[in-house]
């Protein structure tokens, strides 16, 4: 992956390559980052999502889940799931890494809801 600054707009751009499920390699880019730091953070999250490691945040995992499940579930059910995730789960676990969430954390979250 590479990070470049567009001299015309003054914004940062990330150019990356990925392999799809068929094994073909593709190149894509994401642009419009105000700072190089933002671009580096986005690049890191993308790598973690692609590698599917437990080092990703719960919020990143939820984004993968949304991409995978949204088209499989009826709209009414999806609206309910989204509301529960947005109001109850993501505020508590969103910024935490998947590998750091332990059973006691889930029990503490359940007790907080009660």
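Please give the contour-minus-distance gain from residue 101 to residue 69: 0.36 nm per residue of separation, less the Cα-Cα distance, rounded to one decimal in nm.
Separation in residues times 0.36 nm, less the Cα-Cα distance, equals 9.3 nm.
Taking only DSSP H segments of four or more residues, each worth -39500 (n - 2.57), what value at 222 nm results for the chain once the sum is divided by all its residues, to the nearest 500 deg cm²/dmol? Each step should come with its number before you reach the end.
On the way: 5 runs with 53 residues, N = 114.
Result for the chain, helices only: -14000 deg cm²/dmol.
Rounded if a/c is under 1.5, else prolate if a/b is larger than b/c, else oblate: which is the range 61-114, with a ≥ b ≥ c the root eigenvalues of its Cα gyration tensor? Before the final figure, lay out each step's value.
Numbers: a/c = 2.82, a/b = 1.61, b/c = 1.75.
Here the range 61-114 falls in the oblate category.
Cα centroid distance between the range 1-54 and the range 84-104, in Å?
When both Cα centres are located, 25 Å separates them.
Mind giving me the FRET efficiency for residue 22 and residue 112? R0 is 41 Å, r the Cβ-Cβ distance, nearest 0.05 is fine.
Details: r = 44 Å, r/R0 = 1.07.
E between residue 22 and residue 112, to the nearest 0.05, is 0.40.
What is the distance, in nm, between label points placed 7 Å from the Cα along the Cα-to-Cβ direction at residue 34 and at residue 77?
4.0 nm
Could you give the Stokes-Einstein D for the range 1-51 in µm² per second, using the C-alpha Kirkwood radius, 4 °C, 1.567 mPa s? Working shown, then result.
Details: Rh = 11.5 Å.
Value of D from the Cα-based Kirkwood radius: 113 µm²/s.
Students often get this wrong, so try it: which of [x] -0.54, -0.60, -1.14; [y] -0.60, -0.69, -1.21; [z] -0.42, -0.48, -1.06 is log10 I(q)/I(0) by the Debye sum over Cα atoms at q = 0.12, 0.13, 0.22 Å⁻¹ as calculated from the structure shown?
Only one listed value fits the structure, namely [y].
Taken together, the values in this text are just the output of simple stated rules run on the coordinates, not laboratory data. If you're wondering where the values come from, they're calculated on a predicted model, not measured in any experiment. Virtual Cβ from ideal backbone geometry, glycine too; neighbours counted across all protein chains shown.
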